[in-house]
Each structure stands twice: as C-alpha cells, then as structure tokens.
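A short worksheet on the structure shown next.
The values are calculated or read from the model by the stated rules, or taken from the named source; none is laboratory data. In this text the structure is predicted, and so the values were computed from the model without any measurement. We place every Cβ from the backbone using ideal geometry, glycine too, and count neighbours over all the protein chains shown.
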Amino acid sequence: MTEAPPRQRVCVVGSGISGLSISWLLSDAYDVTILEKHERLGMDAHGLMVTGTDGSSIRLDAPPRAISADFYYNLMQLYKQADVAVEPWSWSFCCAVLGCPRAFFRLTDSKRGGEGFLARTLGFRFPDLATLSLMLKPATLKMAYDGWCFYRDICRDHEDVALRDMSMGAYLERGRYADGFVYGILLPLFSMICTCSYESVKVNTCSAVGAAARMCPVPPPL
C-alpha cells in the first residue's frame, strides 16, 4: 500500500478579506499557514473595546465592517459556501465631541422604524461654539449641500438604463459636485466601505454606488 504524498505547505501573508478567502479555498488541498503582524485575525486589527452606559463591554469595528452584496458579489457567494453568517447593518450613527456625555446629533435608519428626520435630532445638546463654527463655514455648508444633492441624484439615477453603467468618475463630473465633497467625503467614504483606492471607486458604476445608497435613510427635501 503506497502512502499518500505529503500535502504541500502554503503561506498566506495577511488575514484580510483576500488572505482569509484564499486560505479557505486552498485548505482542502494544502496545509495553510497565515502570517499576520497584528494580534487579531479576521480584519479586526484596529477594533476598539469601549464600555457601555450599563458597564458592558462593546466591540467597535474600526473602520466599520459593512459590506454591500452589490459590491462584493463573489465574497457573498464565498460566505454562503463557508457558512459564514452575515446580518443587516444599520446606518444609524451619532456625532459627539470626545469626552462629552451626550451626542449633539444622531441619525436613525428610517427603514428600521422610528420617528421623522427632524424629530430624530431633538433632545440632544446644541454643538459647542468650536464645533458650530466649523459646521457653519461656507465650505462645510457647501459639502453638506452637495452631499444631499448627490444622494438625491444617485437614488434617482442608479436604475436609469442610460446612466446606471456610467462610471462614478464620469457621473461626478456630470453632476459638477465640488471637490470638497468629492475628495473630502464621498471618495474617502466609499474607499473605506469597498476597501479600495479612490480610482477604483471612480471606475465603479452608478448602479453599484446607488445600491449602497438605497440602504441609507431618504434625505428630507430642502
């Protein structure tokens, strides 16, 4: 009886999405070793532990581990094969000055129930003067306005046959959004969510970005 040949060994550097995915795919045929410089595996190297108001420990993702099935179709199929559980992620968030006990603004995902947009901000303290002065600068107000316009436009256009296959870069040029919004908010946000470069976000299509935008609360009319 002949012995089976020894399994070859493979080394994978990094335990991000790519590293974990290829390690799992190779594990049936190879002995896989993962090298990770951080203490934790699984894209959790920069996560934070905070203490809740009830004294419990809460794990916070940094950055948020949110994925969209429209962006990560292959990854979602891989999750299904590997029986990796996923759950819906709420777009709810709040803004606060570090060290202050109360947030000055919060936004609740309207698709998960709750009061209206304006009512959701009531009951929270007014921003301090330093924060308020930054919020009321013309450049900040312009970024906020462009953000509202972009969200309104992408929700309207992402299913338009004539526009849905347009690249995001071309779409942004078409909309003439200010550089402050594009390079200060939009591209950093989607490069974080998609774990990619600004250029990769620009070559993506309006339909993909619009699908992600559909998960956000509907903006109020101006």
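Is there a residue being under 20 Å from PRO88 (Cβ atoms) and either at pLDDT below 85 or of a type in the set (D, E, K, R) (or both) anywhere in region 164-178?
no
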In region 71-81, the residues that are surrounded by 12 or more Cβ atoms within 10 Å (Cβ to Cβ) and either assigned by TED's automatic domain parsing to the domain that holds GLY47 or at pLDDT 80 or above (or both): LEU75, MET76, LEU78, TYR79
